[in-house]
1. Give the residues of the range 90-126 that are part of a strand (DSSP E or B), of a type in the set (F, W, Y) and either modelled with pLDDT of 95 or more or over 15 Å from the mean Cα position of the chain (by Cα) (or both), sorted by residue number.
2. Could you figure out which of (1) modelled with pLDDT under 95; (2) under 22 Å from N143 (Cβ atoms) isn't true of Y60?
3. Which condition breaks for Q28 when tested against (1) part of a helix (DSSP H, G or I); (2) under 14 Å from the mean Cα position of the chain (by Cα)?
4. Tell me, please, whether a residue that is touching a His at 6+ places or on another chain (Cβ under 9 Å) and closer than 29 Å to L157 by Cα can be found in the range 61-76.
5. Of everything in the range 25-48, what is at pLDDT below 95, in contact with a Ser or Thr (Cβ under 8 Å, 6 or more places away or on another chain) and either of a type in the set (D, E) or buried (at least 16 other Cβ atoms within 10 Å of the Cβ) (or both)? Give them in sequence order.
6. Give the residue, chosen from E5, E65, that is touching a helix residue (DSSP H, G or I) at 6+ places or on another chain (Cβ under 7 Å), acidic (D, E) and under 27 Å from Y120 (Cβ atoms).
7. Tell me, which residue of the range 2-23 that is surrounded by 12 or more Cβ atoms within 10 Å (Cβ to Cβ), without any contact (Cβ under 8 Å) to a residue 60 or more places away in the chain and not charged (D, E, K, R) is farthest from G75 (Cα to Cα)?
8. Anything in the range 49-96 that is touching a residue at least 12 places away in the same chain (Cβ under 8 Å), polar (S, T, N, Q) and surrounded by 13 or more Cβ atoms within 10 Å (Cβ to Cβ)? List them, or say none.
Amino acid sequence: MKLRELKQEDSELMLEWMQDDSVVHDLQTDFMKLTIDDCKNFIKQAREQYTEKNPHYLHYAITDEDSEDFDEYLGTVSLKNIDYRNERAEFAITIRQKAMGIGLARLAMQEIISIGFERYDLNLIYWYVSPENMRANRFYEKNGYKGMNYELLHLELEEEYRTARLYSEPAQYIWYFVKRSTH
C-alpha cells in the first residue's frame, strides 16, 4: 500500500465508488448525486492543501504498490477538520469495491494516523459511523477500535478533549478515536 497525492486522472475511478451502491449505501453523504465535476473540484481543492504548512484537510489516494498498475487509484483516506489548537482531526476513508478485503484500508488507516501524529503533531484522531453501516463498524472493531456512543466517548476522553464539541449531531453515531501514544 502506498499513499500519494490525488491527481485529476483519479476522478473517474473516484466517481466509480461514489456511484457504487454497495460502497456508499450506509454512508452519511449522498455520493450518488455527485458528478465527475464534483470529483475534479474535490481533487483540485485537495491538491491546493498539499502545499500549505498547516492544512485543514489532507486527502490522499490509496494505491497498491504490489499490483500490476501500482499507481491506480483505489480509494481516498483523509484527515479532515484538522484543529491544530486542540491537536485533533477527524479521520475518513473509502475504497473502491475491488480493493475491499485485501488489507489496503487497514494499512492506509494506520499510515494516515501516523502522519497526523508524527507530521502534524496531533494528539487525537476521531471518527464516527452510522450504526447501520455494519461493514465499517465491523472493520474498525476487527482492527482494535472500540465503538461507543457520544456520552461514553465524552467520559473516555480527558478534559482537554471534552471542551469543544466534535460534531453537531453526535447522538446518532458510533464514535471511535485513537490517542497519540506517549511512549
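The values are calculated or read from the model by the stated rules, or taken from the named source; none is laboratory data. On a predicted model such as this, the values are computed, not experimentally measured, just so you know. Don't worry about glycine lacking a Cβ; one is built from the backbone with ideal geometry, like all the others, and counts go over all protein chains shown.
1. F91
2. (1)
3. (1)
4. yes
5. Within the range 25-48, D26, L27 meet the criteria.
6. So the residue among E5, E65 that is touching a helix residue (DSSP H, G or I) at 6+ places or on another chain (Cβ under 7 Å), acidic (D, E) and under 27 Å from Y120 (Cβ atoms) is E5.
7. Going through the qualifying residues, I end up with Q19.
8. Of everything in the range 49-96, those that are touching a residue at least 12 places away in the same chain (Cβ under 8 Å), polar (S, T, N, Q) and surrounded by 13 or more Cβ atoms within 10 Å (Cβ to Cβ) turn out to be T63, T76, S78, N81, N86, T94.
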